[in-house]
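Input: a single structure, listed below in structure tokens.
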Amino acid sequence: MSIDLESIKLKLLKPPVTELSCIEKYNIPSPQRQLYVVCITEGNYIVYDVVTLDPVALKNLSKIEERLYDVLVGEESLTDLLDEVKDERFKHIIERQYAGYDVLEPFFLDPNIINIHVMINRPIQVHHRVYGRLNTNIILNSDEAVELALRFAAAAGKPLSEATPLASFIEPRYESRVSIVFLSDVTMRRNITIDIRKLTETPWTILKLIHMGSLSIEETAFLWLMVKYKVPILIVGGLMTGKTTLATSLLALIPPGSRVFTVEDTPEIRIPATYWTRTTTREYGEYPISVFDLLKTGVRLSQDYIIVGEIRGEEAREWAHSILLGHCAITTFHAESPEAAILRLLSPPISLDPQVIKMINVFVKTNIVEKEPNKRVFRHEVYVHDENIIKPLFTYNPTKDIIESNVENPIESFKFIDRIVLTHRVSREILEREYKAMINVLEETYREALTRDPTLETPTYRELAEILYKKLYEKMQRSSF
Ligand SMILES: Nc1ncnc2c1ncn2[C@@H]1O[C@H](COP(=O)(O)OP(=O)(O)O)[C@@H](O)[C@H]1O
Ligand SMILES: [Mg+2]
């Protein structure tokens, strides 16, 4: 194998030659650890290294490049080399280029970036949470783009070549979904497309959603009770209305120690459970694996909870099957209302058995409402599908901007609660006490969390379940006398 010496050259992301007037300027990955400077201008995302190298440093850098040759031919290990390099500035550059994804690293490190889109000889485009789609100052030529695509594929252990030019997989370093159309006859040998959907940051806790007014405390307690007793929950709403965010935060209400099985296209969900089988689909190749395949496996693995990131089509039948077997299934479904969701589940191509629909009793409807001009907030409602009727339980009151409870005592009022009573052999009285205790625990935990940390960064997503269940257990113990 011959190694192109040019490719060993360590690249520096140099600051722009002319002074830029930035709409916003910040450091990434964080103000504490500054590796890159980001400057947002009208439609552009300019990124460069915080470090600059003087001539002496540049000379030292080229000495390291010689050693990198040995690393590439396998005569030296990268770790050893990095251990020896004392200059932190060099370490960062070498790491990025040899262990990371090269000039794409800053986009991965910037939590504002949710999508990265690479084509040959065009500015790499990114989607920024605040500024939307931006062109960056990074451009890859054909060789560099090919190299990058192969690097992604190698990291994920996937074949990528002219013969197998389509690939979509989760890369292991940042757990993002990478989809590639490789330079081949498919692209008439003209281009390559690499599209990367980044994983979101640490999930929001249910306390944060309460704090933002997206859920009321009673509403959260009701959903908690449903999660605890493995009642399926279908989260419906339009695009980008917070379905996945809500599903994820509900998962922290699963009793610690439960077995959880998740199925997703892109791994967005993170769960504080120890017995967690986490699966993602495989889209291309000789042996693709669909949501349907994964669900079928989940049902066989005797799981307590089966979570599907999103159902869209026929896989809904397998999902319904898991509900029939008594698994709690938390799922998101793109539909305007619970009624619309039911209609779509009943009609082709899904065509669920109406008997199964009866088992889907709890719907959350996610909404975005315009509170003031240009101020959009998320407000989520709960509907109960009971005795073939959709009954509102928690609904949004726009005049007061609060989520109101429509039913005095939900545990007493709904017929479907009988199923919980039968399957779990608990009385309605206990369920009612538990519901009240949950309201109490949430109020208390929320209040304590706010006094300790007004930003609610703590308790973290991982800590919350333990805290909530410990308090719940204590309260139930006390109230049993
Ligand atoms: N309750 C909320 N309050 C404020 N922003 C939210 C809320 N829920 C979600 N978001 C933001 O809205 C965007 C879309 O959320 P997501 O859960 O992915 O929507 P969906 O799954 O419905 O498409 C994300 O950027 C997320 O951070
Ligand atoms: Mg979603």
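Candidates are the residues of region 192-215 that are of a type in the set (S, T, N, Q) and open to solvent by 20 Å² or more (accessible area, probe 1.4 Å); the one that is farthest from ligand 1 (Cβ to nearest atom) is THR193.
Return a yes/no flag: does region 78-90 have any residue that is more than 23 Å from LEU12 (Cβ to Cβ) and open to solvent by less than 10 Å² (accessible area, probe 1.4 Å). The answer is no; no qualifying residue exists. When residues in region 136-154 are screened for being surrounded by fewer than 16 Cβ atoms within 10 Å (Cβ to Cβ) and within 26 Å of the chain's Cα centre (by Cα), 2 of them pass.
Take the residues in region 236-273 that are of a type in the set (A, V, I, L, M, F, W, C) and near ligand 1 (Cβ under 8 Å from one of its atoms), then tell me which one is most open to solvent (accessible area, probe 1.4 Å). Here the residue is MET240. Within region 108-121, the set of residues being under 22 Å from PRO31 (Cα atoms) and without any contact (Cβ under 8 Å) to a residue 40 or more places away in the chain comprises just one member, ASN112. Looking across region 182-191, the residues that are in a loop (DSSP other than H, G, I, E, B) and surrounded by fewer than 20 Cβ atoms within 10 Å (Cβ to Cβ) come down to SER184, MET188, ARG189, ARG190, ASN191. On the stretch given as region 301-345, residues that are touching a residue at least 60 places away in the same chain (Cβ under 8 Å), within 16 Å of ligand 1 (Cβ to nearest atom), closer than 17 Å to VAL263 by Cβ and open to solvent by 10 Å² or more (accessible area, probe 1.4 Å) total 3.
One residue stands out among those in region 357-391 that are at pLDDT 95 or above, basic (Lys, Arg) and within 16 Å of ligand 1 (Cβ to nearest atom): the one that is most open to solvent (accessible area, probe 1.4 Å), which is LYS365. Could you please let me know if PHE292 is within 21 Å of PHE169 (Cα to Cα) and away from ligand 1 (no atom under 16 Å from the Cβ)? For PHE292, the condition - within 21 Å of PHE169 (Cα to Cα) and away from ligand 1 (no atom under 16 Å from the Cβ) - is met. Looking only at region 392-405, residues that are open to solvent by 30 Å² or more (accessible area, probe 1.4 Å) and either within 11 Å of GLU218 (Cα to Cα) or in contact (Cβ under 8 Å) with a residue 40 or more places away in the chain (or both) come to 4 in all. Considering (1) within 17 Å of the chain's Cα centre (by Cα); (2) within 19 Å of ALA320 (Cα to Cα); (3) of a type in the set (Ser, Thr, Tyr); (4) surrounded by fewer than 20 Cβ atoms within 10 Å (Cβ to Cβ), the lone condition that TYR229 does not fulfil carries the number (1).
Residues in region 409-447 that are surrounded by fewer than 16 Cβ atoms within 10 Å (Cβ to Cβ) and touching a Pro at 6+ places or on another chain (Cβ under 9 Å): 0 in all. Screening region 361-397 for residues that are on the phi < 0 side of the Ramachandran plot, under 28 Å from the mean Cα position of the chain (by Cα) and polar (S, T, N, Q) and picking the one that is nearest to ligand 2 (Cβ to nearest atom) gives THR366. Only residues that are touching a residue at least 12 places away in the same chain (Cβ under 8 Å) and either within 26 Å of the chain's Cα centre (by Cα) or not in a loop (DSSP other than H, G, I, E, B) (or both) were counted across region 351-360, and they come to 3.
Can you say whether GLU219 is among the acidic types (Asp, Glu), open to solvent by less than 10 Å² (accessible area, probe 1.4 Å), out of contact with any Cys (no Cβ under 6 Å at 6 or more places or on another chain) and more than 30 Å from ILE120 (Cβ to Cβ), as far as the supplied structure shows? So GLU219 passes the test. The residue pairs whose first member lies in region 426-454 and is without any contact (Cβ under 8 Å) to a residue 12 or more places away in the chain and under 17 Å from LYS208 (Cβ atoms), whose second member is outside any helix (DSSP H, G or I) and open to solvent by 20 Å² or more (accessible area, probe 1.4 Å), and whose beta carbons are closer than 9 Å, counting only pairs six or more residues apart or on different chains, are ARG452/THR458.
The values are calculated or read from the model by the stated rules, or taken from the named source; none is laboratory data. On a predicted model such as this, the values are computed, not experimentally measured, just so you know. Neighbour counts are summed over all protein chains in view; Cβ atoms, including those assigned to glycine, are modelled from backbone coordinates with ideal geometry. The area values use the complete protein model at the heavy-atom level, side chains included, leaving out ligands, DNA and RNA. Shrake-Rupley method; radii C 1.70, N 1.55, O 1.52, S 1.80 Å.
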